[in-house]
Amino acid sequence: MLHNPKARHTARATQFLYLAVLATLLITTFYPAPVEGVSIVLMLSVKLTPLLGLAIPVFKGNNRGYIWLAFVVIFYFTQAVVSAWLSKGAPGPVTLLLLTLVLFIMAMVHLKVNRPVVD
């Protein structure tokens with residue numbers, strides 16, 4: 001639920017970043033090469049399930065959903081930082097690092113802009 005007309009812009013930006021993070025996770029599963037000996041379905045389910053569970057609250061604009069999104073994104077950010085460090089700046093982990101950072105910030109901005117008005 002949007003409490004402020006300006007919140008529509010921050011909600012759209014957050015939704016776009018959310019989809020970009022999902023797409024990056026999907027792409028990095030297959031590029032540059034899938035991990036050998038591990039089921040692709042298992043890898044995708046472990047990578048995507050926590051975020052896909054938040055799809056409905058994110059697209060409905062639920063503030064509690066955005067709070068949970070921020071909590072979950074912190075784990076993805078941490079994993080991306082470690083992967084970027086260990087891969088010495090490979091494009092996939094660095095892209096994921098930047099997207100998760102901006103997604104977290106945008107979710108927080110949205111929560112700030114979308115606060116309910118108290119009379």
Modelled with pLDDT of 90 or more and open to solvent by 30 Å² or more (accessible area, probe 1.4 Å): is that true of Leu101 in this structure? yes
How many residues of the stretch 1-56 are over 18 Å from Ala70 (Cβ atoms) and among the aromatic types (Phe, Trp, Tyr)? The answer is 2
Consider the stretch 26-50. How many of its residues are in contact with a Leu (Cβ under 6 Å, 6 or more places away or on another chain) and closer than 30 Å to Lys6 by Cβ? 0
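Helices (runs of 4 or more DSSP H) wholly in the stretch 1-73 with at least 3 residues that are in contact with a helix residue (DSSP H, G or I) (Cβ under 9 Å, 6 or more places away or on another chain), open to solvent by 30 Å² or more (accessible area, probe 1.4 Å) and β-branched (Val, Ile, Thr) - which ones? So that I can check it myself, show each step before the final result.
Values: elements: 7-30, 40-52, 55-60.
Result: empty, no element qualifies.
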Considering only the stretch 78-88, how many residues are of a type outside the set (A, V, I, L, M) and either surrounded by 18 or more Cβ atoms within 10 Å (Cβ to Cβ) or touching a Gly at 6+ places or on another chain (Cβ under 9 Å) (or both)? 1
Pairs where the first residue, in the stretch 19-44, is in contact (Cβ under 8 Å) with a residue 40 or more places away in the chain and the second is open to solvent by 60 Å² or more (accessible area, probe 1.4 Å) and charged (D, E, K, R), C-beta under 8 Å, 6+ apart: none
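The values are calculated or read from the model by the stated rules, or taken from the named source; none is laboratory data. As the structure is a prediction and not an experimental result, all values here were calculated from the model. Every residue, glycine among them, receives a Cβ derived from its backbone with ideal geometry; neighbour counts consider all protein chains shown. Accessible surface is based on the protein model in full, side chains and every heavy atom, while ligands, DNA and RNA are left aside. Shrake-Rupley method; radii C 1.70, N 1.55, O 1.52, S 1.80 Å.
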